[in-house]
Each structure stands twice: as C-alpha cells, then as structure tokens.
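Accompanying notes for the structure given below.
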Amino acid sequence: MLMLAADTTTSIITVAVCKDSHVLAETIVDCGRAHSERLLATVDWVLAEAGVALTDLEALAISTGPGSFTGLRVGLATWKGLALANHLPLVPVPTLDAMTHLSAFQTATVCPMLDARMHEIFGAAYAFDKGKRQKLTPDMVCKVEELMQQIHQPPIVFGNGATLYADRIKAVHPDAIFLQPLCSVPRAAAVATEATALLAQGINTDPDQVAPIYLRQSQAEINRAKKKAGLT
C-alpha cells in the first residue's frame, strides 16, 4: 500500500511516503511553531522526491496526539483536507504508540514520553515480549515520577520528555536506559508502520471520525475557564 504519513505533534514536522514497509522518501524538519507555513511545502517536497502524485496514494496516516495543540490541529486539518479532496482513507495513529517503532525492542519495558510543558510529560508504558507489544498504561499527562512509579523494572525511555527530565527519571529508576537522541526524534515512517498494523485490525478510516488526543485543555482554554469562574 502506498501511504503518505505525517507527525506534527512536536516542533518537528516529519512526512514520509511509504510503500508497504519500504520508505520511498522522508523528511524531518524542526519548524518551531511554523507548522501551518511549512507543512504543505514539506508534503510537496516529499512527494516529488518519491516520484509520487497525490492521485497515486492509497491511504493517509496522521499522528493524532497527545502533543502540541497547534501542531495537532494543523496536521489533522491538513490531512483531513487531503483525504476528503482525494477520497482516501485516513488512519488515525496515537503518537505514543507510533513512537514505539523508533527502535527495535525485543524484551523490555518501554516508555516514550514527550514534553507536555508545565513540568509534565505525555507518556505511556509498554511491555515487549519477543518483539510483541502490550500497552501497560493508558496515555497519560502527568509528572514523570507518576509514570515511572507504575513501572517495576528499569525502563527504556526516550523522547524529548525523557531528555528534559532525565534526572527525575533516574531518581526513581537509577538503572533506566536512555536511547540515543536520534531514536527520540518523531518519524513519519513510524506513523506509517503503526498505521499499517491498525489497517490490518480494521480501524475506522473515515476522515470525519478522526479526532485529536489532547489529554488536557489548552492553556487558553484553562485561562478562559478561570476567567469565567471569576478566578482571575
């Protein structure tokens, strides 16, 4: 299956064209907050490098969070537009699930985590047994210690949340294993890999049904609620 996949849940835009398990073209760009200005240009570049037109695609896949509110909204809106305009199935891919494809795990407890700001992380724990994955916790937004305390053996940790809170992770699990920084960068190819598995499971690919996973309100929404309640 020829698929266009993307992850926009952090400051990084990553887009890939994959055919089955083969990556035809992929790009990773740290765009800060310029998702809306950079995403479509990145899509055009990747398609051109892969020698693929939008009309050649058979499916789209997008990382649905948790992550940056701005990045999520831009990515989902763009991919929904592409799916509807080109009559393509759209596979919603949970971000943390996709991150478990950033490295090869055989038997381990694995914790991808992203910086959620306000001294918290978006994270989850997974158990790998001979390469097969089982999710141990739901996606969480919490202090890193809260996630670490749910794990009873030294985990493998990665993602910008693991880098940012390395000392706090080691305080709970001194033997935690930190993957190299290159294994912590989001990759659209990982989104495509998870999307392929979800398609095999029969996931709903109706673009109108795809929704972001926020886990908490945006700061603007929190401020509005406080103002309405007379707390500010």
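The values are calculated or read from the model by the stated rules, or taken from the named source; none is laboratory data. Since the model is a prediction, treat every value here as computed from it, not as a measurement. Ideal geometry is used to build each Cβ from the backbone, glycine not excepted, and the neighbour counts take in all protein chains shown.
Residue 81 meets the conditions (1) in a strand (DSSP E or B); (2) under 26 Å from residue 209 (Cβ atoms); (3) free of Cβ contacts under 8 Å to residues at least 24 places away in the same chain in every case but one. The failed one is (1). Of all the criteria given as (1) free of Cβ contacts under 8 Å to residues at least 40 places away in the same chain; (2) out of contact with any Lys or Arg (no Cβ under 6 Å at 6 or more places or on another chain), the one not satisfied by residue 126 is (2). Being outside the structural domain of residue 142 (by TED's automatic domain parsing), within 23 Å of residue 205 (Cα to Cα), of a type outside the set (A, V, I, L, M, F, W, C) and crowded, with 20+ Cβ neighbours inside 10 Å is true of residue 66.
For segment 11-38, which residues satisfy the criterion of being more than 15 Å from residue 68 (Cα to Cα) and under 16 Å from the mean Cα position of the chain (by Cα)? 15, 16, 26, 27, 28, 29, listed by residue number.
Looking across 51, 81, 32, 75, one residue alone is in the same structural domain as residue 195 (by TED's automatic domain parsing) and under 10 Å from residue 8 (Cβ atoms). It is 75. Scoring residue 47 on the criteria (1) loosely packed, with under 14 Cβ neighbours inside 10 Å; (2) more than 18 Å from the chain's Cα centre (by Cα) leaves a single failure, condition (1). Is there a residue being surrounded by 14 or more Cβ atoms within 10 Å (Cβ to Cβ) and either in contact with a Lys or Arg (Cβ under 6 Å, 6 or more places away or on another chain) or farther than 23 Å from residue 214 by Cβ (or both) anywhere in segment 130-143? Yes, segment 130-143 contains at least one residue that is surrounded by 14 or more Cβ atoms within 10 Å (Cβ to Cβ) and either in contact with a Lys or Arg (Cβ under 6 Å, 6 or more places away or on another chain) or farther than 23 Å from residue 214 by Cβ (or both). Among the numbered conditions (1) closer than 29 Å to residue 127 by Cβ; (2) part of a helix (DSSP H, G or I), the only one that residue 65 does not meet is (2).
Among the residues of segment 177-195, are any among the small types (Gly, Ala, Ser) and more than 27 Å from residue 17 (Cα to Cα)? Looking for residues that are among the small types (Gly, Ala, Ser) and more than 27 Å from residue 17 (Cα to Cα), one finds none in segment 177-195, hence no. Of the residues making up segment 115-124, not a single one is surrounded by 16 or more Cβ atoms within 10 Å (Cβ to Cβ), touching a strand residue (DSSP E or B) at 6+ places or on another chain (Cβ under 6 Å) and in a loop (DSSP other than H, G, I, E, B). Total residues in segment 156-215 satisfying the condition of being of a type outside the set (A, V, I, L, M), over 13 Å from residue 91 (Cα atoms) and buried (at least 21 other Cβ atoms within 10 Å of the Cβ): the figure is 7.
Of the helices (runs of 4 or more DSSP H) lying entirely inside segment 137-199, those carrying at least 1 residues that are under 20 Å from residue 8 (Cβ atoms) and without any contact (Cβ under 8 Å) to a residue 60 or more places away in the chain are 160-164.
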